[in-house]
Amino acid sequence: MPLVIGVGLLMFQQFNGGIAVIFNCAYIFSTAGFKNAKAVSVAVAAVQFGANIFTCLIVDKLGRRILLLASSVIMCLSQFSLGFYFELYLPLDTNGHQFNASSLPSVFQSIAHTVPVDQLSWLAVTSLIVFNIFFGLAWGPLPWLVMSEIFPLRVRGPASGAATLMALLCAFLVARTFPTLQEALTPQGTYWLYGIFCLLAFIFVYLVVPETKGRTLEEIENYFEKRGDTAYETIQ
């Protein structure tokens, strides 16, 4: 069960779309009408870094589970709102004029509706910032922390290696499939898919992941030994 939890957390860490969002911040901001989109992307990354630091201050007060659960919900809503932005927006051409939907490539015809992009830029920016804040608060650092706490000492090396390998493979898979998903599902469908994974991450944490706040490594190991392979209840 500790291996299932460690691998599962790191898989959902990647499949919630964090890498895709971060790698494509500049593109998303450019579609929202920002001229210096790369500079704004750096600012968003700085916000996530600040959230990581804030996590260090509150994680032992609030606990791991509550941060993971709350962040899953907020990240899910952020991904759905980002998809909603791409569903509604009407792109602008290089001269800043509104496109005629009938002249757009087929991939855009389904997402070019009635609202010009400059009227929805706030939605894209807000979604990205909120997503990065809560990713930095929980799903960025906490899967690694929980993994270090739940693996018994006798297998910590091999188990941590296996979980880390899975995380890297999933990160590669998300980065590699992002362009393909954009073409197959449209941009909004891609972000909605990531939102569904955020929801699945919430369910996974709620059902499987125990709270380790305030517990020694020995107490955590004894908990799993007593529960065996049915460790679905949280440590009270």
Determine which member of the set VAL205, VAL130, VAL174, VAL146 is modelled with pLDDT of 90 or more, under 21 Å from LEU68 (Cα atoms), open to solvent by 10 Å² or more (accessible area, probe 1.4 Å) and in a helix (DSSP H, G or I). VAL130
In this structure, is LEU82 open to solvent by less than 40 Å² (accessible area, probe 1.4 Å), among the aliphatic types (A, V, I, L, M) and either at pLDDT 50 or above or not in a helix (DSSP H, G or I) (or both)? yes
Residue list for region 3-38, filter: small (Gly, Ala, Ser) and either open to solvent by less than 40 Å² (accessible area, probe 1.4 Å) or modelled with pLDDT of 75 or more (or both): GLY6, GLY8, GLY17, GLY18, ALA20, ALA26, ALA32, ALA37
Looking at region 208-218, can you tell me whether even one residue there is assigned to a helix (DSSP H, G or I), open to solvent by less than 80 Å² (accessible area, probe 1.4 Å) and at pLDDT 90 or above? yes
The conditions are (1) under 17 Å from ARG64 (Cα atoms); (2) at pLDDT below 90; (3) open to solvent by 70 Å² or more (accessible area, probe 1.4 Å), and LEU153 fails exactly one of them. Which is it? (1)
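The values are calculated or read from the model by the stated rules, or taken from the named source; none is laboratory data. Not measured: the values here are computed from a predicted model. SASA here: full protein model, heavy atoms, side chains in, ligands and nucleic acids out. Shrake-Rupley method; radii C 1.70, N 1.55, O 1.52, S 1.80 Å.
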